[in-house]
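Trainee: Please see the structure below; I have some questions.
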Amino acid sequence: MSAPLLQVQGLTKRFGGVAAVNQVSFDLAPGRIVGLIGPNGAGKTTLVNLITGVHRADSGSLQFEGRDVTQQRPFEAACRGLSRTFQIVQPFPRMSVLDNVTAGALFAGKAASPAQARADAMAQLRFVGLQALADRPAASLTLPSRKRLELAKSLAMRPRLLLLDEVNAGLNSAEIGAAIELIRAIAAQGITVLLIEHLMKVVFSLCDDLLVLHHGELIAQGSPQAVAADPKVIEAYLGTKYAERMRA
Amino acid sequence: MLRRSSILKLGRLAAQATVTAALWTASTGAWAQDVIRIGAPLALTGGLADEGKKQQVAYDMWLKRVNAAGGIQVGAKKMKVELLTYDYQSDEKRAQQIAERLITQDKVDFLTAPFGSGHTKVVAGVAERYGVPVMASVASSETVFNQGYKYLFGTLAPNGGIVQNMAVIFTRLIPGVKKIAILGREDVFPRAMAAEMKKAAEANGIEVAYSEFYPVGTLDHAAALSKMKATGAQWVFITGYTQDLILARKQMGDLKFSAPIVTMVTGPSYREFVDGLGKLADGVTSASWWHHSLTYKSDDVFGSTEAFYKEFVAREKKDPDYVNASAAAALVVLQKAIEKAGTLDKAKVRDALAATDILTFYGPVKFTANGMNQGRDLPIIQVQGTKIVPLYPTPIKAGSLRPVAPF
Amino acid sequence: MIGLQILVNGLTLGALYACLAVGFSLVWGVLNVINMLHGSLIILGGYLTWYAWLHWQVHPLAALLPVALLLFALGWVIQMTMINRLVRQPVLTTLTVTFGLDLILYNAMNVLFDATPRRITLDLGTLSLGEVVLAWDRIVAFVLALALTLLLYAVMNASRTGRAIVAVRMDRDAAELMGIRINRVYAMTFALGAGLAGACGALMAMVFPITTNISGLLLGKAFVVCVIGGLGTVPGALVGGLVLGLIESLSGHLFGPQNAVLIGYGLMLVLLMTRPTGLLGRKGYE
Amino acid sequence: MKRSMAIFAVFALAVAAVPLAGDNYLLQQATFVAMYCALALSWNLIGGYAGYPSFATAAFVGLGAYAGALLQNAGLPMVAAWVGATLITAAFAALLGYGLLRMKGHYFAVGSISIVEVLRLVASSWAGLTGGGEGLNVPIMPGGPEFAGRVFLYAMWAVMLLAFASAVWVDRSRLGFGLRCIEQNEDAADMVGVPVTRYKTAAFTLSALFCGTVGAISASWVSYIAPTDAFSILLTLKVPVMVLLGGPGSLLGPVIGAASFVLIEQTVWSRFLDYNQAALGLVIVLLIFFLPGGVLGRLRWRAKPAVQPGAAPAAGSAP
């Protein structure tokens, strides 16, 4: 197994007494799709915020590609190839779709010049199928298109680790199918993906491994089948009915 | 290829420019007839709005009298006088802009300077470059006149002289004055007066127990006054603009802080100081460059101090102060110089001004080498009841110094 | 003992600063509008009170309420006609509009009253407690500052309008959904702010020489008090005022009047950088 | 982009040609126009592009004036004093920016306007160095009024050109793009890899740079400075209004805004003696209601994308 891309040791974050994330430790190997599941309020988004420097950890450490990044700021994380999408989409409203993605390419993607960045951005738009809307202002997009814009922007940042925060929330089943294909294509480019997801269909069809978070603590880790059989996970999150269906 | 929108825009900009240019030429078309044009930048808004209005009233009184008498005798013919006024909003850059405009655009023959030493310096700087004589009616700090300007003349005597007399007279009249507390406003004239007072006090053996400055924009003097009270000084000396001094005197009342001599520079010489304080103003001494109870007779448009006083009271319903008198006197002196030179040639009028040695309703005016009116015994005044009473010099003495009533 | 006198000076000055800032803090806190008109409104209140005292011998304290109501109406008109349409605009726009209005009001007062300093020469005398001396008009200011703050606190908490204002402050859109007529609430808030400015002006006429020249200074003080005290709370202005009064009084004594005001600003900048919500600041407006 | 530069070139030539046509007063008007254009262009970098409404312009102008005057009095030749003043102001802005730019919106506005007041008080109380309330005299430049008029016109004109050039560079460069991202959504910009603090401080320092030069030049021009005049709250409020009149966040907006504002103020101010301030106030209020996007806003019919598609790739603009 090659050196882990991301090593998390004893990461803890308290918001006024409540331990949103408590002593979480795990490693992410490069090139794999890892699912991060858990009930609402389990601390999934907080964990992502800690990894991408939006919040500062109270204790514990983060190693990315062998370098200690515990105290990194969001833009440093982005430039190191650690990009994320937001649960609530955060576009640059008055900029065109093309410029939104160009921003990613120009800064984190380290494009040579604005013109070069625009070319890379156009490529990403074609990849996610938004090239027709290139000139439209980002604010005018529908929800699924916005989700794809987020994806295109993150890809333009040439990430090595992509954190997708419920990127399929609010999509209908057809759109989810397309999204799964898209994520599989992204992973095929050698990008490691950490997927926060509630839809078990997506999780079990895409992920190589699973991390289960509950009350800020990591209660299970391993292949989807093993995790689904774990009584703690069933009791905390999956529910007994689903577990039986899975085993049958 | 410039598209339609930019042509449209250029067109509008050009149109806007021509319109404004037309407006300017219209206003300056009048220089053809033979009229003496005097430029007057005044602060009608902003921090000095109150003082600016005082100059405006005085200029207008002189102007009406001169034109009523047919104008100024320039050599063979009498020429009417036109006064061009602009509001420089107590803003230094605007004052410079207006001086430039009056000289180059409106082609004025002479200029008057705005209120205060700072802005006088700015206007004088411009006038000096063009060689246009400037009459400064309210600038009394040496720092204005030591710039080597040849075309600048000021009717106020140097402010140093005022405090010297006070130090001598007050200590003689009121025994036991051993300590003085000085509070000055950090501004050109008030700062100079506070510094002069410190020197005069030390020269007369009075211990300076407190000497501080307060910045422009101070809304409260309690801290300084409390400290001054603690020094037990018998003489309190405070300089500033009228609103600073009204506030300071009121706060002295608030702190039950009094001293045998309370001197506030140039507050009491203004009517609004007495109106604003009522009985608190009683006993406050000050010094001034002029007082309406002076009895000068003069062969100028006003004829005598009395006549100027009567016309001012009739018009403004209150007593004139030194700013009104000095502003009118500045134009009287200019008129005399023009008549003496017999021409509007700026250099000749300048020389006539430099050689001025006349008596006006405002008092004797004789310019020294740097253009300032010669120092002489300046009136020391005290508020007694609601009247402003001159104590010195002897010819106008109308009362004797009374210590301030303790609380 | 001069220390006690300094403390008293600081508190009475602080009370004045609180009066001055309470209306400004309300408008900034609730409407998110920096009201550059506030200084001139205080001066207008002062001029009206002075005028009533000079011509009809109305005692300033008696004139306080009518003047406040008059400015309340003026505030309502200004808000309804102009500010309402701009409340959602960024700070640059609202600040610029109120700056433009301030120029108009300033010029109008300059023409009507001209800039000569005026003061009501009504001395309420002083109160001596041992060596410490207190002027009655400053004591009245102290009482008024407390009264205005308590009144505002009561209005904000007890009355329906008050709760509406708080709701709007917390979340304008949600409040609108609850059936609160936003424009009326904004008009009420801006008018209340103007009324408070009027009340403060009436009081100032006894203490300060009223002249249009100091309208900018009063506005500057309101800025500092709001930042120190913190937005979003009624007692914010009171606490901010008292703290600033004490700081200026103390530093005036220790470092001389030259640096007193400077240190006040210095404290504000430090707070702005470390604790922008100020000493008491919170999101809502309780 | 090309069109804006062409229009600006024509405008700059017109300003430069004034000495041929007009008398000294017109020349002085042109100098004021150039001065305010430079200030508006500088303000636009932080107020327009980055969306941080700064009211610190007068603080930088005043600081530049005092630095320039003190250097000149210390014997430096005039132009060297101007350069020195510019560097001092830039250094001050960089230091100040680090602290000030942590605040946002209203707090930033209030924080920046209080800097003007703080510097005025420092200039007033540090009498030993700055002459305090007495002010500071600056040696009058030799040569007659015509010569002086031209020197100061072309000095301000040069600063205007430099300010425009830096605006063009920023508009095209990575910094400009990053500032636009910050203006629209600072958190998203952070996530996308924009070094937010560094870019904001750079924009703030750049916006202060030319204000310092303008201050130093006007000190030599007026040859006398005092605290209340050097740090003028009126100036610090007028400059953003000018950019609002023209159209913030664009290249030409500040120039159109500053030029028209100075012209409006001239005609308004010279026509109404007692009511000029009210007239100016009315103009500002009407401007906000009827020209929300500024002159350029009104002329821009379609939403212009932030980076001109197809515009020639900016040669060598990758810093």
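Trainee: Between B:Glu207 and B:Ala76, what is the label-to-label distance in nm when each label sits 7 Å out along the Cα-to-Cβ direction?
Mentor: It works out to 7.4 nm between the two label points.
Trainee: How many partner chain Cβ atoms sit within 10 Å of a residue's Cβ in peptide C:4-16, on average, as a whole number?
Mentor: Partner-chain Cβ atoms within 10 Å, mean over residues of C:4-16: 3.
Trainee: Quick check on chain A: helices-only [θ] at 222 nm, where DSSP H runs of length 4 and up contribute -39,500 (n - 2.57) each and the sum goes over total residues. Nearest 500, please. Before the final figure, lay out the partial values.
Mentor: On the way: 9 runs with 90 residues, N = 248.
Taking each H run of at least 4 residues, the total per residue is -10500 deg cm²/dmol.
Trainee: What is the distance in Å between the Cα centroid of the range A:56-119 and that of the range C:49-104?
Mentor: 49 Å
Trainee: Shifting gears a bit: Output the 0 to 90 degree angle, nearest 10, between the alpha-carbon long axis of helix B:49-68 and the longest principal axis computed from the alpha carbons of chain B.
Mentor: Once rounded, one gets 60 degrees.
Trainee: A further question follows. Where Lys and Arg each count +1 and Asp and Glu each count -1, what net charge lies around C:Trp136 among other residues with Cβ under 14 Å from its Cβ?
Mentor: That works out to 0.
Trainee: Neighbour counts of other C-beta atoms within 10 Å: give me C:His38, C:His59, B:His119 arranged from fewest to most.
Mentor: C:His59, C:His38, B:His119
Trainee: Relative to the longest principal axis of chain B, what angle (0 to 90°, nearest 10) does the C-alpha long axis of helix B:188-203 take?
Mentor: In chain B, helix B:188-203 runs at an angle near 30 degrees to the longest axis.
Trainee: Taking chain C as the reference, fit the longest principal axis to its C-alpha atoms, fit the long axis of helix C:38-56 to the helix C-alpha atoms, and give the angle between the two in degrees, 0 to 90, nearest 10.
Mentor: 60 degrees
Trainee: I've got another one for you. Quick one: if you stick a label point 7 Å off each Cα along the C-beta vector at D:Glu146 and B:Lys366, how many nm between them?
Mentor: So the two model labels end up 4.2 nm from each other.
Trainee: Let me check against my output: what whole-number percent is the relative contact order of chain D, with C-alpha pairs under 8 Å and at least 6 apart?
Mentor: RCO, chain D: 31 percent.
Trainee: Starting from the range B:371-407, pick out the trypsin sites (Lys or Arg not before Pro) whose DSSP state is loop and whose Cβ has at most 10 other Cβ atoms within 10 Å.
Mentor: Sparse-neighbourhood loop trypsin sites (Lys or Arg not before Pro): none present.
Trainee: Given the DSSP H assignment, sum -39500 (n - 2.57) over each helix run of at least 4 residues in chain C and divide by its residue total; what's the result at 222 nm in deg cm²/dmol, nearest 500?
Mentor: -25000 deg cm²/dmol
Trainee: For the protein assembly as shown, just the Cα set please: Rg and Dmax, both in angstrom.
Mentor: 34.9, 126
Trainee: Can you give the percent of C-alpha pairs in the range B:164-255 whose distance is more than 21 Å?
Mentor: 29 percent
Trainee: If you don't mind, another one. What is the fewest-to-most order of B:Glu316, B:Glu186 by other Cβ atoms lying within 10 Å of their Cβ? Display every interim value, and only then the final one.
Mentor: Working: B:Glu316 15, B:Glu186 28.
Listing B:Glu316, B:Glu186 from fewest to most nearby Cβ atoms yields B:Glu316, B:Glu186.
Trainee: Let me ask something additional. Rank these for me by crowding, D:Ser4, D:Ser125, A:Ser173, A:Ser83, going from fewest to most other beta carbons within 10 Å.
Mentor: So the ranking, lowest neighbour count to highest, is A:Ser173, D:Ser4, D:Ser125, A:Ser83.
Trainee: Just to verify a number: FRET efficiency for C:Arg88 and B:Glu339, C-beta to C-beta distance, R0 = 51 Å, to 0.05?
Mentor: 0.15
Trainee: In a GNM of chain D with a 10 Å cut-off on Cα contacts, which of D:Ala34, D:Ala165, D:Ala58 has the highest mean-square fluctuation?
Mentor: Of D:Ala34, D:Ala165, D:Ala58, the Gaussian network model singles out D:Ala165 as fluctuating most.
Trainee: Right, here's the next one. What does the charge count around B:Asn204 come to, taking other residues whose C-beta lies under 15 Å from its C-beta (Lys +1, Arg +1, Asp -1, Glu -1)? Kindly include the intermediate steps, with their values, before the conclusion.
Mentor: Values: positive: B:Arg172, B:Lys178, B:Lys179, B:Lys198, B:Lys199; negative: B:Glu196, B:Glu202, B:Glu207.
Net charge in that neighbourhood comes out at +2.
Trainee: What nm value, rounded to one decimal, do you get for the distance between A:Arg126 and D:Ala91 when each label is placed 7 Å out toward the C-beta?
Mentor: For A:Arg126 paired with D:Ala91, the spin-label model returns 5.3 nm.
Any read-out appearing in this document is the output of simple, stated calculations on the displayed coordinates, not a laboratory observation. Please read all numbers here as calculations on a predicted model, not as lab measurements. When we count neighbours, we look across all protein chains shown, and the Cβ atoms used for this are built from the backbone with ideal geometry, even at glycine.
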